[in-house]
Amino acid sequence: MLKRRAGLTLVEVLIAIVLLGLVLTALTGVIMSQQRFYGGTAEILETRTNVRQVADILPSELRVVSPADSDIYAMTATSIDYRGSVGSAVVCSMNAGRTTITIPPIRTASQNGATAWLSTPLVGDSLLVYDQGPNTASADDRWTVHVITAAPTNGTCTPYTATAAEAALGYSLDVTPALSVDVQVGASIRFFRRARFELFNGADGRGYLGFSDCLPTRMPACSAIQPVSGPYLPLGGAPEGITLSYVDNTDVATADPTRVARIDVVVRSETRGDIRIPGFSSGKYTDSLTFSIAARN
């Protein structure tokens with residue numbers, strides 16, 4: 001006689017399926033909640049980081065600008081054109097007319113640092129050359145502005161190199177106007193190029209801080225804008241992602257680039273999507289930062 005095998009009834013199977021479904025539903029809810037939490041937290045951190053990037057980028061570039069020396073070419077609420085530093089060197093030698101100067105090579109076995117630049121100087125770049133003036137006192141010391149008129153060529157720089165091979169790696173620069181008779185060998189040189197920071201809209205419709213440089217001898221004069229940080233609220237929005245305001249030394253707003261004593265910057269950004277996590281209102285998270293840059297005068 002065969003024994004009956006124990007098993008589950010149909011009712012028991014249905015109950016097990018229902019309970020399993022309830023457990024899986026609860027587990028799925030927990031997982032989705034965690035995904036929303038971590039996704040929302042990541043977007044909030046990204047937004048906060050983007051806002052604070054501008055506070056690192058703009059002051060490092062604009063703090064050395066001297067409006068009184070015409071270092072600001074143009075300024076609006078969402079852009080600024082300024083004289084941007086691209087390198088430094090010292091004077092090795094000058095021709096008789098003081099319109100051609102020679103500078104040390106960028107790097108040699110015996111020295112490193114007499115010449116340094118972010119990119120090779122181009123025609124139209126400007127130089128500031130340190131002029132000690134006719135007297136030994138510092139009262140007549142000044143920086144004189146010159147413009148490169150021809151592409152750099154090979155030149156021989158003897159004072160700051162150890163061998164003839166190193167000396168031959170120097171650079172010769174044609175400049176206008178001629179250097180003053182008071183400029184001496186060893187005088188400091190600073191290379192500059194017109195640069196621009198501006199808020200622009202990317203392909204995604206969001207605002208970005210962009211950078212470009214400009215040369216009067218280049219067509220088009222300004223390079224293609226490159227994003228350096230973002231995204232922010234878009235250009236043309238209300239409010240816009242980055243706004244600049246300019247005040248003079250009496251704390252009054254000014255439109256005169258030579259009178260700027262401080263640049264006030266407001267940065268605004270928001271998350272790409274809605275945030276639904278505990279502790280935050282449902283919807284897009286927004287963040288902003290206000291800081292000031294004191295100009296050098």
- Return yes or no: is T115 surrounded by 13 or more Cβ atoms within 10 Å (Cβ to Cβ) and under 27 Å from the mean Cα position of the chain (by Cα)? yes
- Item | Unique residue being out of contact with any Cys (no Cβ under 6 Å at 6 or more places or on another chain) and in a loop (DSSP other than H, G, I, E, B) when the list is D174, D213, D204 | D204
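Find the residue count for region 74-89, including only residues that are of a type outside the set (F, W, Y) and buried (at least 19 other Cβ atoms within 10 Å of the Cβ). Reasoning before the result, please.
In the first step, residues of region 74-89 are kept if they are of a type outside the set (F, W, Y); the result is 74-81, 83-89.
Filter again for buried (at least 19 other Cβ atoms within 10 Å of the Cβ), leaving 75, 80-81, 83-84, 86-87, 89.
Here the count works out to 8.
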- Residues of region 228-248 being in contact (Cβ under 8 Å) with a residue 24 or more places away in the chain, part of a loop (DSSP other than H, G, I, E, B) and of a type outside the set (D, E), which ones? L233, P234, L235, G236, G237, P239, G241
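Would a scan of region 87-102 turn up a residue that is out of contact with any Cys (no Cβ under 6 Å at 6 or more places or on another chain) and more than 20 Å from L179 (Cα to Cα)? Walk me through it before giving the result.
Just the residues of region 87-102 that are out of contact with any Cys (no Cβ under 6 Å at 6 or more places or on another chain), to begin with: 87-91, 93-101.
From the residues that got through so far, the ones that are more than 20 Å from L179 (Cα to Cα) too are none.
No: region 87-102 contains no residue that is out of contact with any Cys (no Cβ under 6 Å at 6 or more places or on another chain) and more than 20 Å from L179 (Cα to Cα).
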- Message: Given the condition of a type outside the set (G, A, S) and under 23 Å from R142 (Cα atoms), answer yes or no: does some residue in region 194-206 qualify?
- Response: yes
- Can you give me the number of residues within region 119-130 that are of a type in the set (A, V, I, L, M, F, W, C) and either at pLDDT below 80 or open to solvent by 40 Å² or more (accessible area, probe 1.4 Å) (or both)? 2
- Message: Return the residues of region 119-130 that are assigned to a loop (DSSP other than H, G, I, E, B) and over 14 Å from G87 (Cα atoms); say none if nothing qualifies.
- Response: V123, G124
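Could you check region 191-225 and list, in sequence order, the residues that are under 19 Å from the mean Cα position of the chain (by Cα) and charged (D, E, K, R)? Walk me through it before giving the result.
So the first thing to find is which residues in region 191-225 are under 19 Å from the mean Cα position of the chain (by Cα), and the list is 191-202, 206-215, 222-225.
Scanning region 191-225 gives R193, R194, R196, E198, R206, D213.
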- Item | Residue count for region 46-66, restricted to those that are part of a loop (DSSP other than H, G, I, E, B) and open to solvent by 30 Å² or more (accessible area, probe 1.4 Å) | 2
- Hits in region 180-233 - residues which are open to solvent by less than 40 Å² (accessible area, probe 1.4 Å), over 19 Å from L244 (Cβ atoms) and polar (S, T, N, Q): S180
- Message: Could you check region 87-118 and list, in sequence order, the residues that are assigned to a loop (DSSP other than H, G, I, E, B), modelled with pLDDT of 80 or more and polar (S, T, N, Q)?
- Response: N95, T99, T115
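Could you look through region 131-171, keep only residues that are part of a loop (DSSP other than H, G, I, E, B) and among the polar types (S, T, N, Q), and pick out the one that is most open to solvent (accessible area, probe 1.4 Å)? Lay out the reasoning, then the answer.
Our first condition is that a residue be part of a loop (DSSP other than H, G, I, E, B); within region 131-171, this holds for 132-137, 141, 149-152, 156-163, 168-169.
Right, trim to among the polar types (S, T, N, Q) and you get 132, 135-136, 149, 156, 158, 161, 163.
Working: Q132: 95, N135: 97, T136: 149, T149: 72, T156: 87, T158: 94, T161: 25, T163: 68 Å².
So the residue we want is T136.
What number of residues within region 194-219 are of a type outside the set (V, I, T) and farther than 27 Å from Y232 by Cα?
Quick first cut of region 194-219, residues of a type outside the set (V, I, T) only: 194-216, 218-219.
When the remaining residues are screened for being farther than 27 Å from Y232 by Cα, the result is 215-216, 218-219.
Looking only at that region, the number is 4.
The values are calculated or read from the model by the stated rules, or taken from the named source; none is laboratory data. Fair warning: this is a prediction, and the values are worked out from it, not measured in the lab. Reconstructed Cβ throughout: ideal geometry from the backbone, glycine too, with neighbour counts over all protein chains shown. When the accessible area is computed, the model is the full protein with side chains, heavy atoms only, and any ligands, DNA or RNA have been set aside. Shrake-Rupley method; radii C 1.70, N 1.55, O 1.52, S 1.80 Å.
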